[in-house]
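Engineer: Dropping the structure in here first, questions after.
Rule-based calculations on the coordinates, nothing more; no lab input. Model, not experiment: these values are computed from the prediction. As a convention, Cβ positions derive from the backbone with ideal geometry for all residues, glycine included, and neighbour counts pool all protein chains shown.
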Amino acid sequence: MSLTEKVYRQLKELILSNKYPPGSPLSEGALTKKLRVSRTPVREALRKLEQDGLVKIVPRRGAFVAGISTQRLWEIFKVREIIEPELARLATPSISFEEICALEEELVALQKAESLDPLKAHEVGGKVHQLILEAIGNSLLRQFMESLQTDIARTCYFAMSKPENIAKFLHQHLEIVRAIKDRDPERAKQKMLEHVLETKRSILG
C-alpha cells in the first residue's frame, strides 16, 4: 500500500466516523504533523477525498470536510428503502449457511460485549449489507449501490454516534441475518425495510 493510500484511508475513517465533522478545516500542515508524513501524500489524499465527495477544496482557503445536505439524506434513504429490502429477499437463497452463521456469531458476540464499540458495530453491520449485495450476482446493481457507499457509510456513522442506537442496530442486523439463515426471503425483506426506516428516523426524525 502506498503512503498516499494509507493517508487517504486514515483521513477517510476520521471523516466517516465524524471525528472531523462537516465544515472542519483540513490543514495540510496540521495533518502532516498528526500523521507524521510529508505534504505530498496529504495533498494527494485530499484530492482523492474530494473526488469521493468527502472533502471540498477551496482555492486560497484550503480543504474542508464536505457537508451532506438534508435533501441528499432524504434521497439516499429513498433509494435504500426501495432497493435494499428487495436485495435481502433476492439474496436469501444464495448466501451459504457457513457465511451467515459466521456473521450471526459476530453479532451475538458484540451484543454480549461489556461495552458496545460503535466502529466495530458499524463494521459488522457493513458486512451484512455487503454479503447480501455480493450474493445477488447482479453487477449493475452492485455498481450502483457501491457508487452510494460513501454516503451510506456517513449516514450509518451519524446514526451510530448516538449510543442508544448501537444496541438497536445490532439487534436489527441480527434479525436480518436470522431471517436469511431460516431461508425466509419475505421476512428478510421486511426486517431490512424496518432497519432502513429506523436508521432514517434516527437521523432525520
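Engineer: Assuming a ≥ b ≥ c are the square roots of the Cα gyration tensor eigenvalues, decide whether region 70-204 counts as rounded (a/c under 1.5), prolate (otherwise, with a/b larger than b/c) or oblate.
Structural biologist: oblate
Engineer: Tell me, what ³J(HN,Hα) does each residue in region 170-182 have, in order and in whole Hz, if you take phi through Karplus 6.51 cos²θ - 1.76 cosθ + 1.60 with θ = phi - 60° and put x for Gly and Pro?
Structural biologist: Values per residue, Gly and Pro as x: 4, 4, 5, 5, 5, 5, 4, 4, 6, 5, 5, 4, 7 Hz.
Engineer: Now for a different question. What list do you get for 155, 150, 40 if you sort them by fewest beta carbons within 10 Å?
Structural biologist: By the 10 Å Cβ count, ascending, the order reads 40, 150, 155.
Engineer: Next question. Within the set of other residues whose C-beta is less than 12 Å from the C-beta of residue 84, count the net charge using Lys and Arg as +1 and Asp and Glu as -1.
Structural biologist: In short, +3.
Engineer: Going by Cα centres, region 28-70 and region 136-205 are how many Å apart?
Structural biologist: Between the Cα centres of region 28-70 and region 136-205 lies a distance of 29 Å.
Engineer: Right, another one. Can you compute the helix-only [θ] at 222 nm over the chain? Use -39500 (n - 2.57) per DSSP H run of at least 4 residues, normalise by all residues, nearest 500 deg cm²/dmol.
Structural biologist: -24500 deg cm²/dmol
Engineer: Would you please give the FRET efficiency between residue 44 and residue 147, computed as 1/(1 + (r/R0)^6) with r the Cβ-Cβ distance and R0 = 25 Å, to the nearest 0.05?
Structural biologist: 0.65
Engineer: May I ask you to derive the relative contact order of region 1-104, considering only C-alpha pairs under 8 Å and at least 6 residues apart, and to give it as an integer percent?
Structural biologist: Result for region 1-104 is 26 percent.
Engineer: Among 182, 151, what is the fewest-to-most ranking by other Cβ atoms within 10 Å?
Structural biologist: 182, 151
Engineer: Classify region 3-65 as rounded, prolate or oblate from the Cα gyration tensor: take a ≥ b ≥ c as the square roots of its eigenvalues, call it rounded if a/c is under 1.5, otherwise prolate when a/b beats b/c and oblate if not.
Structural biologist: rounded
Engineer: With unit charges on the beta carbon (Lys/Arg positive, Asp/Glu negative), name the residue among 115, 11, 180 whose Cα is farthest towards the positive pole of the charge dipole of the chain.
Structural biologist: Result: 11, furthest along the dipole toward the positive end.
Engineer: Please name which of 159, 62, 192 has its Cα lying farthest along the dipole of the chain towards the positive end, using unit charges on Cβ (Lys, Arg +1; Asp, Glu -1) and the Cα centre as origin.
Structural biologist: Positive-most Cα among the choices belongs to 62.
Engineer: Also, I was wondering about something else. From the cross-link list 19/112; 33/127; 6/33; 78/120, which pairs have alpha carbons spaced over 22 Å apart?
Structural biologist: Pairs exceeding 22 Å: 19/112; 33/127; 78/120.
Engineer: Express in nm, to one decimal, how much length is gained between residue 5 and residue 182 on full extension, taking 0.36 nm for each residue of separation and deducting their alpha carbon distance.
Structural biologist: Here the segment from residue 5 to residue 182 would lengthen by 59.7 nm.
Engineer: Rounded, prolate or oblate: pick one for region 37-91, where a ≥ b ≥ c are the square roots of the eigenvalues of its C-alpha gyration tensor, a/c under 1.5 means rounded, and failing that, prolate if a/b is larger than b/c, else oblate.
Structural biologist: Note, shape of region 37-91 comes out oblate.
Engineer: Let me ask something additional. With +1 on the Cβ of every Lys and Arg and -1 on the Cβ of every Asp and Glu, and nothing else charged, how large is the dipole of region 1-102 about its Cα centre, in debye rounded to the nearest 20?
Structural biologist: In debye, rounded to 20, region 1-102 gives about 860.
Engineer: Kindly put 145, 192 in sequence by how many other C-beta atoms sit within 10 Å of each C-beta, fewest to most.
Structural biologist: Sorted ascending by nearby Cβ count, the order is 145, 192.
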